[in-house]
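Notes for the one structure printed next.
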Amino acid sequence: MNDFVQLWVYLASTPLFGLTATLVVYAITSAAYERLGRAPWANPVLWSVVILGVVLSATHTAYPVYFAGAQFIHVLLGPAVVALAWPLWLRRAELRRRGVALTVAALVGGASAAGGSVALGWALGLPGEVLRSLAPKSVTSPVAMGIAERIGGVPALAAVFAIVTGIVGALSAKYLFNVLGVKSWAVRGFALGTCSHGIGAARALQVDAEAGAYAGIALGLQVLLASLLLPLAFLLGS
């Protein structure tokens, strides 16, 4: 037992620990996700976060130690988001025809997501910096952190809000669309990408190529619009 403890201490202190733990946990949760018929509640991102959180907490492993290895995966987030452009390129003619409608829908959807969260937080009496951290919750995490820092929020808190928003959207979207009678894959994908950014777009891509393409364009539009308009809105409102 003592040898096992010493081995764990050694492994947990190396940069490869975070990388290996993340890959192994995600592979296991992805296999379970496929085995369960891709049920929304079995989302591998959600369960990977939960399992890794429990492991780090139980073993008293500091997050910086974990991230020293996991950062190699974090670096791939940028190329992964850029790769979403490929389905859009395949549908470029269709997107040109719907460009104005999609932009208006993204503007309304983004304003509703940001405004609704800030209004709810204000009604609950949350501090100003928390409200500013809530505003970009429907934008992908790295951009949300940058926006939060610019408007006086807490970047780390903005990242948490963004991740939680993405996971909640990926888990609940299917049931909400069914209740509302939304059948178009394009509409489902665009709505999911608007509200739940990269995590929602990944879920849409797993379900249907058309949904994934429109989720990708929604994600891109939210990044662009939020980066330009949220700082302006808070500047005018201050």
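A short reminder: the numbers here are calculations on the coordinates, not readings from a lab. A quick note: this is a predicted structure, and the numbers were derived from the prediction, not measured. Neighbour counts are summed over all protein chains in view; Cβ atoms, including those assigned to glycine, are modelled from backbone coordinates with ideal geometry.
Principal axis extents of the Cα atoms in the chain, from largest to smallest and rounded to whole angstrom, are 64, 44, 32. Arranged from fewest to most other beta-carbon atoms within 10 Å of their beta carbon, Y26, Y66 become Y26, Y66. Over the range 21-103, the fraction of Cα-Cα pairs per 10 Å bin, rounded to whole percents and listed from the shortest bin up, is 15, 30, 28, 19, 8, 1. Taking 0.36 nm per residue of separation and subtracting the current Cα-Cα distance, fully stretching the chain between V104 and D208 would add 35.1 nm.
Taking only C-alpha pairs under 8 Å that are 6+ residues apart, what is the relative contact order of the range 81-237 in percent? Don't jump to the answer; show the numbers that get you there.
Values: 231 pairs, mean separation 39.2, N = 157.
Here the relative contact order equals 25 percent.
Neighbours of A39 by Cβ distance under 12 Å: Lys/Arg scored +1, Asp/Glu scored -1, total +3. Each stretch of four or more DSSP H residues adds -39500 (n - 2.57); spread over every residue of the chain, this sum gives -27500 deg cm²/dmol at 222 nm. Note on the range 119-238: Cα-only Rg and Dmax are 14.6, 43 Å.
For the peptides 122-129, 143-150, 27-34, residues were scored by their other Cβ atoms within 10 Å and the scores averaged per peptide; the highest-first order is 143-150, 27-34, 122-129.
Scanning the chain for helices, which whole DSSP H stretches are 27 Å or more long along the axis (Cα) and average -1.0 or more by Kyte-Doolittle? Both cut-offs are met by 16-35, 99-123, 155-180, 209-237.
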